[in-house]
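For reference, the structure discussed in these notes is given below.
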Amino acid sequence: MFPEEFAREAILAHSEMGDLVLDPFSGRGTTVFQALLLDRPAIGLDINPVAACVSGAKADPPSLPRALARVRDLASQYRTSRLAVPSDLPVFFDYCFSYETLKQVLFLRRELDWGQSKVDRFI
């Protein structure tokens, strides 16, 4: 990831307001985000689905009330869920996550529809 200032300076030096900015390897979406802040429409592409998710979340964030409502809904669902961590996971997960954190991660992976919902993608 490169600094936001680098993207901002490059965009200002090589485009004018209203020009389309294309980032064919958008990664975390720094260039797309800076272009949008500078009143330039932007397109970002990335083969990595995680990068596309992060970039998309920056480029099209939901309203704060919608994001907070979804977080409250997820928290409520989690409190009433009976999700258990599968016992056949590789030992790696025992070293990397506490049981409760792993349970939360698995819950969010199951519940968040980041491919279709901009609120979920942002979260």
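What number goes with the only condition from (1) exposed (fewer than 14 other Cβ atoms within 10 Å of the Cβ); (2) out of contact with any Asp or Glu (no Cβ under 9 Å at 6 or more places or on another chain); (3) of a type in the set (Gly, Ala, Ser) that residue 18 does not pass?
All conditions are met except number (2).
Only one residue in 38, 12 is open to solvent by 70 Å² or more (accessible area, probe 1.4 Å) and modelled with pLDDT of 95 or more, so which one is that?
Checking each option against the conditions leaves just 12.
Taking segment 49-59 as the region of interest, how many residues are surrounded by 12 or more Cβ atoms within 10 Å (Cβ to Cβ) and either without any contact (Cβ under 8 Å) to a residue 60 or more places away in the chain or of a type in the set (Val, Ile, Thr) (or both)?
Final tally of qualifying residues: 6.
Any residue in segment 2-15 that is outside any helix (DSSP H, G or I) sitting within a Cβ distance under 7 Å of a residue that is of a type in the set (Ser, Thr, Tyr)? List the pairs, counting only those 6 or more apart or interchain.
2/30
For residue 33, indicate whether it is open to solvent by 40 Å² or more (accessible area, probe 1.4 Å) and assigned to a loop (DSSP other than H, G, I, E, B).
When the stated conditions are applied, residue 33 does not pass them.
In segment 42-123, which helices (runs of 4 or more DSSP H) lie fully inside it and hold 2 or more residues that are under 18 Å from the mean Cα position of the chain (by Cα)?
Once the helices (runs of 4 or more DSSP H) in segment 42-123 are filtered for at least 2 residues that are under 18 Å from the mean Cα position of the chain (by Cα), what remains is 49-59, 64-80, 99-111, 118-122.
Are there any pairs with C-beta distances below 9 angstrom linking a residue in segment 85-97 that is among the aliphatic types (A, V, I, L, M) to a residue that is surrounded by 12 or more Cβ atoms within 10 Å (Cβ to Cβ), with the two at least 6 apart or on different chains, and if so which?
85/93; 85/97; 85/102; 85/103; 85/106; 89/102
Can you give me the number of residues within segment 65-104 that are of a type in the set (A, V, I, L, M, F, W, C) and surrounded by 14 or more Cβ atoms within 10 Å (Cβ to Cβ)?
6
Just one of 40, 66 is among the charged types (D, E, K, R) and in contact with an Asp or Glu (Cβ under 7 Å, 6 or more places away or on another chain); which is it?
After ruling out the rest, the residue left standing is 40.
Kindly establish whether residue 47 is touching a Leu at 6+ places or on another chain (Cβ under 6 Å) and β-branched (Val, Ile, Thr).
Taking the combined requirement at face value, the residue does not satisfy it.
So that you can scan it fast, the table gives a plain yes or no per residue for (1) hydrophobic (A, V, I, L, M, F, W, C); (2) under 28 Å from residue 27 (Cβ atoms):
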residue	(1), (2)
65	no, no
72	no, no
75	yes, no
79	no, no
88	no, no
94	no, no
115	no, yes
121	no, yes
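The values are calculated or read from the model by the stated rules, or taken from the named source; none is laboratory data. Given the structure is predicted, the values throughout are model-derived calculations rather than measurements. A quick note on method: Cβ atoms are made from the backbone with ideal geometry, for glycine too, and the neighbour counts reach across all protein chains shown. Quick note on the areas: whole protein, heavy atoms, side chains included, nothing else; ligands and nucleic acids left out. Shrake-Rupley method; radii C 1.70, N 1.55, O 1.52, S 1.80 Å.
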